[in-house]
Amino acid sequence: MPNESSRLLLYRSITALGVVLAFLLILLIPQHMREGSDWSFQYATRNFSLGHLTEDGVNIGLEESEAHRFGGDLSQYVFVGDNRWALTEAPGYIFYLLPFYYIHAPELGSLVLAAGMVMVAYLLLKRLRDEKAACVGSLLLIFTPVALAMMQRIYADSFGATAFLSMGGGLYIYYCLRARELSKRASAILLFSAGFLLAWGAVSNYNNALVVLVFAVHLAFQFLRGLMKKAPVGVYPAMIIGLAVPFALLLIYQNAVFGSPWRFGFQYHQLPLGFSIHYFTNNIKFVSTALLVGFPLLLVAGYSFCAGVNGKTKTFFDGRQDAGNPEMLPELPLDIALLLTGWAAAVFGLYLNFEFTANYQVSGMPFIILARYYLPAVLPLTLAAVLLLTRVPRKLAVAVTALSIIWGVLFFAQSALSFPLVPPHSPYNPFSSQLPAEGPGVVLYE
Amino acid sequence: MNRMTKVQWAVVVLAFCLLHLLIFTRVFYSGGPDVQGYYQYAEKINQGLVAYRDFKVEYPPGALAVFYLPYLASGSLEGYGTAFTFEMLIFDIIGMLMLVGAARRARISEWFALIGYTLAMVAIGSIMVQRFDMIPGVMTLGALFAFSRGNYKMAWCVLAIGTMTKLIPGLLAPLFLIYQWKQGGWRSVIPGLAIFAGVILVIVLPFVVHGSQGFIASFTVQGRRPLQLESTYASVLLLLGSLGLTSAVPVQGLISFDLASPAAGLLAKYSILFVGLGLLLVYGLFYRSLRGMKRDEAGSSHEMLAQLFNYSFAAIVVFMVTNKVFSPQYLVWLYPVFPLVSGRFRPAIWVIYITISCLTWYIYPLHYYDLVDTRQVSVDALILRNTLLVFLAFLLLGEQAPGTKTVKEPAVISASAQAE
């Protein structure tokens, strides 16, 4: 029987191999420009790299017609007055991507974030449970179909914003679990990093601010509880500083682009991107199947959340201790269980009221178009699913894990190889080099 | 059980019956093209025409009684639809009553059984009253119920009638054989087999005498069907098609929407082999699970009953997975037996079955023409549904044999078990 260190090495090797396999999948199928946001972000990255946070009408017209020639559009660029056009979306991901763009390797941006996200998830699950759970959880995280598909779309902000959010949230939870063991310095660094990454997640996608708010509420709760119990709370300002820095940079950007720190791109657009409870029923109807395809562990995670939180809440009100009772997930304190639930609820609660996905015309579209909005919830879903899987019979856990990974690969491939919007001979069509030449006059971008 | 408990249970069961009545009559949409087809059969029977000879029938003879009964209540199509709904409801309630009895004998929680029965009904949806598959499903349960009470002759008789309504209940015959053999040796099997064969003969003989060609054709036409669009094989081809590895195009067939693909013909032709192998696996595993039991132990063991229920469910699931045709109403066959499934994987099986039912409802009737147009989400829903069904089959067959803690409740159930 292998000794402990061999087993640890095995789990870490499996995780590393899995991550490498995921990277190979992403790189083997070339960059695919699927939606308007991919095109908009690609041009925005180029423009930002030249120091142009906005563009004038002439340039944006040229870029639009160039993109249109290859089947794309710049729907995320809007007119903001004074012959200037700006990006509606949050700019955080573009600024992150710039260094990789300068070295002509933008795809590395996604891979670095993926590696970071997996490392944080591994660390967290190792702390919560053991190395086996960490290995399983990391693989399930990276092979989630939506995660793989969005990782491959290097110019879309969904994966980047999710990765920042997951790293920040994961580090924060890790700190909460280890608070008593860490030195003040280590705590401060951890909290600052958590805050910074969480905020950068919101600076990369405005809607992630709701998740950051959930963490802020938990932080406030921890602070107050610390004050009441006369515990040391001096490290918490590190997180507040970490949160503040990206938001301050965002305000500077918004002031430069829109003329006021409190104005942002979505205030100028005409797209159906609102939120209202009226869209809830339609979203349930149209999005449910896409979610099941994009997040195969959704049901497992949902059950885990319900059973875990319900059990813990009962225990809390009964005054019993749940230590030693495996059904109550004793490794997960009640406040962390609620935090994870709040994180998932913030994402699902928001996007189940989203106007765009409640539109009947998108209801039959590929799953990635509907499911990608829920990607920010991938870490809490994976954590909940893994904590449940480690408690079911081993055969079932292995079967579910294997099936999920195979499912992830197949549906990533399906998403990456289907191109409803890109014309056959566009250079952004992965198979365009294998098609017979269309004729003269096709100008390749770059 | 004291008098108060019996009364309480009677009230609970009555409440569930009323809930089913409400859902069947107020929530589900009755009627549809299949009910119209049943009405036409009933009309022809009423006109004195002989089935299989004077008009084609694609079902076994027992189904004709199912189609004709509502016609006695109303001769108009609209009235027929309502009467058909009530016919399904009556069988549903009969099923519920038998379910409670069978659950009690197998020491499965009656509450779980009733809740599961109701959840499954809601998840399956209106097709419960738009097809007649409830009846073979309830007959399957009826045969299992009679078996659980030791009334083997009745069990074989009900099984035979069910088989002559739709062939599916016949899948349980080898399981009954193995079970009875284990209990009382080969001699004890003979009366049951004789009853089974005799009842089938009694039902079939008049139709064979008057219209043998039509009668045989009603079976062979199913065998000649191409690969149906919703089958497991079709979903594999559709997945490969979406990856650009093959072509897979839905086409309108004579009976249903089928799939045209280079491999479709081959898969349809050899599917019978997979069906046979799959069922042999189920029967083999059931036999193996009984092998370790002594004969006198097998008789009254609730564990053995639980195994029988599990393998009955598994046999139907395996058939559905390996068959070249998968119509949405096939899920109704599983519905009455589903709450009796037990074992380590029961929570997972429950969640998977309910999800499969919801996805089937999503595919048909909600997005069937999206599937025919191969719109990706609908295709993905089909692939997901069939993947879960295959996974369900593996879970069922992966259960341990009795005597090795088969029906032990899994530790993962916490809040839901406490809510019971």
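Within the range B:228-347, the ratio Rg/Rh, alpha carbon atoms throughout and Rh by Kirkwood, equals 1.10. Per-residue shielding of B:364-377, expressed as the average number of other chain Cβ atoms within 10 Å of the residue Cβ, stands at 3. Per residue, the protein assembly as shown exposes an accessible area of 42 Å² to a 1.4 Å probe, with every protein chain left in place. Span-like helix criteria (full DSSP H runs; alpha carbon extent of at least 18 Å along the helix axis; mean Kyte-Doolittle hydropathy of at least -1.0) are satisfied in chain B by B:3-22, B:62-73, B:77-105, B:110-124, B:134-148, B:189-223, B:264-291, B:302-322, B:346-361, B:376-397. Listed by chain and number, the lysines whose C-alpha is less than 24 Å from the C-alpha of B:K182, apart from same-chain residues fewer than 8 away, are B:K153, B:K294, B:K405, B:K408. Here is what passes the span test in chain A: the DSSP H helices with alpha carbon length of 24 Å or more along the helix axis and a Kyte-Doolittle mean of 0.0 or above are A:4-28, A:107-128, A:157-178, A:184-204, A:209-228, A:236-258, A:298-318, A:334-351, A:394-417.
As a fraction of the 1.4 Å probe accessible area of the range A:181-303, surface on carbon and sulfur atoms comes out at 72 percent. For the range B:3-410, what is the Kirkwood hydrodynamic radius in Å, using each pair of distinct C-alpha atoms? Roughly 22.0 Å, rounded to one decimal. One equal scatterer on each Cα of the protein assembly as shown, no solvent, Debye formula: the resulting log10 I(q)/I(0) at q = 0.08, 0.09, 0.11 Å⁻¹ is -0.81, -0.99, -1.32. Between the range A:143-191 and the range B:202-260, the C-alpha centres lie 51 angstrom from each other.
For the protein assembly as shown, what is the percent of antiparallel DSSP beta bridges, rounded to the nearest 5? The antiparallel proportion sits near 90 percent. Our summary gives the range B:3-410 a relative contact order of 19 percent, counting only alpha carbon pairs under 8 angstrom and 6 or more residues apart. The GNM of chain A, with springs linking C-alpha atoms under 10 angstrom apart, assigns the highest mean-square fluctuation among A:L182, A:L141, A:L299 to A:L182. The average projected area of chain A, computed from the convex hull of its Cα atoms over all directions, is 24.0 nm².
Chain A against chain B buries an accessible area of about 2900 Å², both chains summed, 1.4 Å probe radius.
With a 1.4 Å probe on protein heavy atoms only, tell me which residues of the range A:366-404 lose at least 50 Å² of accessible surface in the complex relative to the chain by itself. Residues shielded by partner chains are A:P393, A:L396, A:L403.
With a threshold of 20 Å on the Cα-Cα distance, the over-threshold entries among B:K269/B:K324; A:K184/A:K312; A:K184/A:K229; A:K285/B:K324; B:K166/B:K324; A:K312/A:K395 are A:K184/A:K312; A:K285/B:K324; A:K312/A:K395. The mean number of partner chain beta-carbon atoms within 10 angstrom of a residue's beta-carbon across peptide A:303-313 is 3.
Taken along its three principal axes, the alpha carbon spread of the range B:1-147 comes to 56, 33, 26 Å, from the longest extent down to the shortest.
Whenever you get a sec, compute what percent of the accessible area on the range B:208-362 sits on carbon and sulfur atoms (1.4 Å probe). Of the solvent-accessible surface of the range B:208-362, carbon and sulfur hold 67 percent. Peptide A:155-161 is shielded by partner chain Cβ atoms: per residue, an average of 0 of them sit within 10 Å of its Cβ.
The values are calculated or read from the model by the stated rules, or taken from the named source; none is laboratory data. Everything numeric here is computed off the predicted structure, so don't read it as measured data. With ideal geometry, Cβ positions are generated from the backbone for all residues, glycine too; neighbour counts draw on all protein chains shown. Accessible surface areas use protein heavy atoms only, side chains included; no ligands, DNA or RNA. Shrake-Rupley method; radii C 1.70, N 1.55, O 1.52, S 1.80 Å.
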